[in-house]
Amino acid sequence: MHSDASALELILTGDPALYAIVRLSLLVSLSAVALSAIIGIPFGAFVALVRFRGREGVIVLLNTLMGLPPVVVGLAVYLALSRSGPLGSLGLLFTPTAMVIAQTILVTPIIAALARQAIEDLWHEYRDELTAMNVGPAGRVATLIWESRFSLVVTLLAGFGRAAAEVGAIIIVGGNINGYTRTMTTAIALETSKGNLPLALGLGAVLIAIVIAVNALVWVARRTGESFAC
Amino acid sequence: MRAPASDLPIRFDAVTVRSGAVVMLDRMTLQIEAGAPTVLIGPNGSGKTTFLRTAMGLIAPSEGRVTWGGAENAPPLRRAFVFQRPAMLRRSAQGNLRYALAAAQIPRARHENRVGELLALVGLDGLGRRPARRLSGGEQQRLALARALARDPAVLFLDEPTASLDPAATKAIEDIIRTVAASGIKVVMSTHDLGEARRLAGDIVLLHRGRMVERAPTAAFLTAPRTAEARAFVAGELLV
Amino acid sequence: MLRRVLLMMFAAVLLAAPARAQDKFIVVASTTSTQDSGLFGYLLPLFKQKTGIEVRVVAQGTGQALDTARRGDADVVFVHAKSAEEKFLSEGFGVKRYPVMYNDFVLIGPQNDPVGVRGKDILAALRTIKQKAAPFVSRGDRSGTHIAELKLWRDAGIDIAAEKGPWYREIGQGMGAALNMASASDAYVLSDRGTWLSFRNRGVLAIVVEGDKRLFNQYGVMLVNPAEHPNVKADLGQQFIDWLIAPDGQKAIAGYKINGQQLFYPNADDPNA
């Protein structure tokens, strides 16, 4: 990315480095959200519906973990994935996979905590009916997840927002390598530290535009879904 | 697959149900047999809802036993319940019915036909595709009824099904209940409305403060109540 | 539906990862000032064209870069702090140190030079700054620049750790951040020339001292010792080092210019570097 060009010029000329950075940002954050959903939604449903010992403690813990500081997570994952660390033989440090791992750790508690709340609310609403219809545990989970789909989508968006915005974790575990692990946020951090503030601001505007676009897409999908609430 | 034996008679043996320190049902002993509808009446807090839920199997007794056709802990395979404020799933009316059919393990091949029949039975044909939550109160009650009937129950419980409905909607529900009862399904329901009890009941059960005060065939109950509470209730006085 | 899209994208990432693994690549731990100068953007494509090896540069402070190499997370380390590099070697983490190039540091300060340090004598300048308590930004991050700065204070006869005051601001960050802060607070700061030349947020700052031999900044490159960390790509790493010190690489280094000005002076053939 040429430092003399403004962000607008880079967009209009289709600068490959800029588009690579945007692509990587989306790939990392969306993958993290997908993984977090796969782990977090069933876990949240489980906590919502099953009465086990220590349940209250788990709920408090989940809500607390929503506020995990990204730099701390980044440092922990870095030490774990370092060649000198326990998972070093995987050779994952300074790769996009490491970034996905770090962001998944950050986003999963958000999705689990919010999913738990949404599903628990719906459980209160449907408990009688589902019990009277003799629906088993698996059926209840599936039904409640489907019934709470609109809330869950908002939950996923919250997770995506968190992932797309953070820089502390991915810059540590990714190394901000040019052309390989550089994302929008890490590029902004770099250009800022180089004193290239206009470019940094421009990239920031691009990032915000992308996040708005994702939210708008989901809003459209939601509206179409609602009108067909079948 | 589907339990062949009937859940009737439903027998309460000295059943007490407590909620915290409050006694909801107090040493209830009675038996519900097949036949014409049994209607529970009584003031608020008398235990009507608790009784129905216990008879359905949603509540476990704190003391005493409930048996269905002689069996304890019989799963509600051929029982169904219409709640006072039914919860509609966030899907269409026919989506709700299909869900109930699937939950009752009715083979999918029969779903299409059954959905049509049930909608017609409760007078909702044409509204199949509408989102269930957008139906009126009366329509939702009828859909809840259809959902319950989708289970092909032997016993149908209804908790004050017309409490929040206007006279037209009330009549519609009562007509359906009459049809259902006539088809051989045992109806067990509660109501605030003595007139409704008269219109629908084969026998009437009066509850007061968690106890069964009197039980008699409808005509006998209304013309010659034996207990003081029953007399007061029939006379329209307040029972507190 | 949305979830299906997400799962497909995740699958794409998974598929992309092994594909990258087939490329030949090495990880080089280097410094933020070297990266900020833009040198890598210029050099590495030339190296890749010649050998097909992709160089992934993780840019940190010198101290952190050496630690990354100590942990075995890099194959080659390329920094500019000779004493720290030699310590690294003596600990057994490096194979051999090769001098590559040098650039110089410059003292940056407000254009109007309020305490009057402008000139060629860096030690005199530092003494004046301390005496007059002029605001001074230090990187404070164990980087090559920071280590050089500390040495200059020592050579000026000042024990900066003991004698600093509120005028001395240690920020623990990279060169760009230090320059940003100096620009925002009209302070003096020691910078490498490369970062300064590419720095855009100058405000009222300008070079006030340059050319003093003490401002000489030597770069060295080392292969991380495969005996310590068997995962090190010794062959590919050595190819990179060999290219840097060979005439091809040295010429490329000299050819890198900002605004027509050469930044780095190759000196791989200097035995004392």
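The values are calculated or read from the model by the stated rules, or taken from the named source; none is laboratory data. Note that the structure is predicted; figures quoted are calculated from it, not measured. Glycine gets a Cβ as well: all are built from the backbone with ideal geometry, and neighbour counts include every protein chain shown.
Figures for the structure shown
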read-out	value
All positions within segment A:155-187 that are facing another protein chain (nearest Cβ under 8 Å), under 18 Å from residue C:35 (Cβ atoms) and of a type in the set (A, V, I, L, M, F, W, C)	A:177
Filter pass, residue A:190 being in a helix (DSSP H, G or I), within 30 Å of residue B:106 (Cα to Cα) and within 12 Å of another protein chain (Cβ to nearest Cβ)	no
Top-ranked residue in segment A:1-60 [being hydrophobic (A, V, I, L, M, F, W, C) and assigned to a loop (DSSP other than H, G, I, E, B); ranked as surrounded by the fewest Cβ atoms within 10 Å (Cβ to Cβ)]	A:52
Qualifying residue in segment B:98-113 (condition: touching a strand residue (DSSP E or B) at 6+ places or on another chain (Cβ under 6 Å) and more than 23 Å from residue A:142 (Cβ to Cβ))	no
All positions within segment C:143-179 that are small (Gly, Ala, Ser), surrounded by fewer than 17 Cβ atoms within 10 Å (Cβ to Cβ) and more than 13 Å from chain A (Cβ to nearest Cβ)	C:157, C:161, C:162, C:165
Qualifying positions in segment A:66-75 - surrounded by fewer than 17 Cβ atoms within 10 Å (Cβ to Cβ) and assigned to a helix (DSSP H, G or I)	A:71, A:72, A:75
Of all residues making up segment C:47-94, the number that are part of a helix (DSSP H, G or I) and in contact with a Gly (Cβ under 8 Å, 6 or more places away or on another chain)	7
Residue in segment B:101-124 that is outside any loop (DSSP other than H, G, I, E, B) and at the interface with chain A (Cβ under 9 Å from one of its Cβ atoms) present	yes
Residue in segment B:112-135 that is touching a His at 6+ places or on another chain (Cβ under 9 Å) and not polar (S, T, N, Q) present	no
Qualifying residue in segment B:38-50 (condition: over 18 Å from the mean Cα position of the chain (by Cα) and assigned to a strand (DSSP E or B))	no
Every residue from segment A:76-87 that is out of contact with any Gly (no Cβ under 6 Å at 6 or more places or on another chain), surrounded by fewer than 19 Cβ atoms within 10 Å (Cβ to Cβ) and facing chain C (nearest Cβ under 9 Å)	A:85
Residue within segment A:111-128 that is outside any helix (DSSP H, G or I) and within 14 Å of chain B (Cβ to nearest Cβ) present	no
Residue tally, condition farther than 14 Å from residue B:80 by Cβ, in a helix (DSSP H, G or I) and either hydroxyl-bearing (Ser, Thr, Tyr) or in contact (Cβ under 8 Å) with a residue 24 or more places away in the chain (or both), over segment B:142-174	7
Scan of segment A:46-78 for residues that are of a type in the set (Phe, Trp, Tyr) and at pLDDT below 95, ordered by number	A:46, A:52
Failed condition for residue A:58, given (1) hydrophobic (A, V, I, L, M, F, W, C); (2) within 19 Å of the chain's Cα centre (by Cα); (3) more than 30 Å from residue C:230 (Cβ to Cβ); (4) more than 13 Å from every other protein chain (Cβ to nearest Cβ)	(2)
Residue under evaluation residue C:86, criteria (1) of a type in the set (D, E, K, R); (2) over 25 Å from residue C:229 (Cα atoms); (3) more than 14 Å from chain A (Cβ to nearest Cβ), criterion not met	(2)
Residue in segment A:82-89 that is assigned to a helix (DSSP H, G or I) and not small (Gly, Ala, Ser) present	no
Filter result (surrounded by fewer than 18 Cβ atoms within 10 Å (Cβ to Cβ) and in a loop (DSSP other than H, G, I, E, B)) within segment B:220-238	B:224, B:226, B:227, B:235, B:236, B:237, B:238
Of all residues making up segment B:51-76, the number that are assigned to a helix (DSSP H, G or I) and not hydrophobic (A, V, I, L, M, F, W, C)	2
Selection within segment C:42-76 - surrounded by fewer than 21 Cβ atoms within 10 Å (Cβ to Cβ), more than 11 Å from chain A (Cβ to nearest Cβ) and either free of Cβ contacts under 8 Å to residues at least 40 places away in the same chain or closer than 15 Å to residue C:87 by Cβ (or both)	C:49, C:52, C:63
Residue ID - nearest to the other protein chains (Cβ to nearest Cβ), chosen from residues in segment C:180-206 that are of a type in the set (S, T, N, Q) and free of Cβ contacts under 8 Å to residues at least 24 places away in the same chain	C:201
Residues that are in contact (Cβ under 8 Å) with a residue 60 or more places away in the chain and buried (at least 20 other Cβ atoms within 10 Å of the Cβ), drawn from segment B:81-101	B:81, B:82, B:83, B:86
So residue C:119, is it surrounded by fewer than 20 Cβ atoms within 10 Å (Cβ to Cβ), farther than 25 Å from residue C:226 by Cα and under 15 Å from the mean Cα position of the chain (by Cα)	no
Hits in segment B:134-184 - residues which are among the acidic types (Asp, Glu) and surrounded by fewer than 23 Cβ atoms within 10 Å (Cβ to Cβ)	B:139, B:152, B:160, B:166, B:174, B:175
Any hit, segment B:10-22, residues being surrounded by 21 or more Cβ atoms within 10 Å (Cβ to Cβ) and out of contact with any helix residue (DSSP H, G or I) (no Cβ under 9 Å at 6 or more places or on another chain)	no
Counted residues, segment A:129-148 - those being surrounded by fewer than 20 Cβ atoms within 10 Å (Cβ to Cβ), more than 8 Å from chain B (Cβ to nearest Cβ) and not in a helix (DSSP H, G or I)	1
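One line per residue, one yes/no per condition, for (1) in contact (Cβ under 8 Å) with a residue 24 or more places away in the chain; (2) touching a Phe, Trp or Tyr at 6+ places or on another chain (Cβ under 9 Å):
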| site | (1), (2) |
| --- | --- |
| B:48 | yes, no |
| B:61 | yes, yes |
| B:64 | yes, yes |
| B:67 | yes, yes |
| B:71 | yes, no |
| B:103 | yes, no |
| B:120 | no, no |
| B:127 | yes, no |
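Conditions (1) under 17 Å from the mean Cα position of the chain (by Cα); (2) more than 22 Å from residue B:86 (Cα to Cα); (3) touching a residue at least 60 places away in the same chain (Cβ under 8 Å), marked per residue:
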residue	(1), (2), (3)
A:124	no, no, no
A:127	no, no, no
A:137	no, no, yes
A:143	no, no, no
A:154	yes, yes, no
